[in-house]
Amino acid sequence: MVNCAVVGLGWMGRIRVAALADIGDARLIACCDVDPSAAGHVPDGVRFSTDFAEIVTADDVDAVFVSTPDGLHREAVIAALRAGKYVFCEKPIATTLADADAMVAADPGGRLVIGHSLRSDPRYLAVRQRAQEGTLGAPVHTFTRRNWPASEGRRQQDQTTLPLYLAVHDLDALQWITGSPIVEVYGVASETEIPGLEGAASIVATLRFANGCVGAHETSWALPDQAGLSNGDHALAYVGVDGCAYLMERDHGVVINGAGTVEYPDAMNTGMYAAESARFIATARDALPPLVSGAEGRAALAAALALEESLTTRGPVAVAGSTR
């Protein structure tokens, strides 16, 4: 049995709490949040604290989920790693490369896992498998799209940026699927004004990979709320020398049209988050290699930060730490 703690009880932290209830060899024993009222989200019998150090260093904790705001991952992650725990850190790994590098340096044993959830989506896994086994041939070009409603942008814009919140998902997935780092990014933001949104709300970017492949990425948190795309509009295309793969998804990926009703079962989110949580528990239980290492999380962050810089410089930006 793997004894677990969750640090941060916001939206993602509560998802981790719920997921642990369905994993047979995991037991949630402690939770932490700086807001004392968050204790109301803690299941009966699970202890609660407002001090993360008390939780992540406890002798009876084996594995820690760090679900704090993105810029506050570093201290909790490093404290847990130094205490010998396995650590699952939500994506992005951090908001600065300095924080990411410090977290990676604190993990010589490979106990840190970064929560890039697309790697636990069976559809992305299928494309990755075909690409890696050679069925599709060397990648020529890729396309990805990750767009969310404007209401999500209004909710998130004071806490994060579009590249760090959405684009980072695909920047990780593309490097994982192609087996090649992104070495250069060139992004352009729409200048159309959208009520309630400030800064870059819609971006189109070109990507250059070390293996010669090129990519196009579209990301936005400006979809009209009245369009009803509550879970966004996402896509992936991989064009290889020998074959192609395509993935398209709108809303939850499953639509059920009944007599006067339309249902969108939450199959995508529940499946991905539950699967990656279960894999992390198996990693802690059996000392498996991390599904997404700290170094891989750092690579996705570096590409996202290069995209942010490109919007300011209005030109291509080399990705920090990448080599051709």
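Of all the numbered requirements in (1) open to solvent by 30 Å² or more (accessible area, probe 1.4 Å); (2) in contact (Cβ under 8 Å) with a residue 60 or more places away in the chain; (3) touching an Asp or Glu at 6+ places or on another chain (Cβ under 9 Å), D62 misses one, and that requirement is (3). When segment 67-78 is filtered for residues that are under 14 Å from A100 (Cα atoms) and open to solvent by less than 30 Å² (accessible area, probe 1.4 Å), the ones remaining, listed by number, are H73, A76, V77, I78. Residue-level analysis places S37 among those that are of a type outside the set (F, W, Y), surrounded by fewer than 17 Cβ atoms within 10 Å (Cβ to Cβ) and within 25 Å of R155 (Cβ to Cβ). The set of residues from segment 41-71 being outside any loop (DSSP other than H, G, I, E, B) and of a type in the set (S, T, N, Q) comprises just one member, S49.
Of the residues making up segment 98-143, those that are in contact with a helix residue (DSSP H, G or I) (Cβ under 8 Å, 6 or more places away or on another chain), open to solvent by less than 40 Å² (accessible area, probe 1.4 Å) and touching a residue at least 40 places away in the same chain (Cβ under 8 Å) number 19. A count restricted to segment 272-294 and to residues that are among the small types (G, A, S) and open to solvent by 60 Å² or more (accessible area, probe 1.4 Å) stands at 1.
Of all strands (runs of 3 or more DSSP E) completely enclosed by segment 86-152, which ones contain at least 1 residues that are charged (D, E, K, R)?
Working: elements: 86-90, 112-115, 139-149.
Strands (runs of 3 or more DSSP E) meeting the threshold: 86-90, 139-149.
The values are calculated or read from the model by the stated rules, or taken from the named source; none is laboratory data. Just so it is clear, the model here is predicted, and its values are computed rather than measured. We place every Cβ from the backbone using ideal geometry, glycine too, and count neighbours over all the protein chains shown. Areas reflect the complete protein model, heavy atoms only, side chains present, ligands, DNA and RNA absent. Shrake-Rupley method; radii C 1.70, N 1.55, O 1.52, S 1.80 Å.
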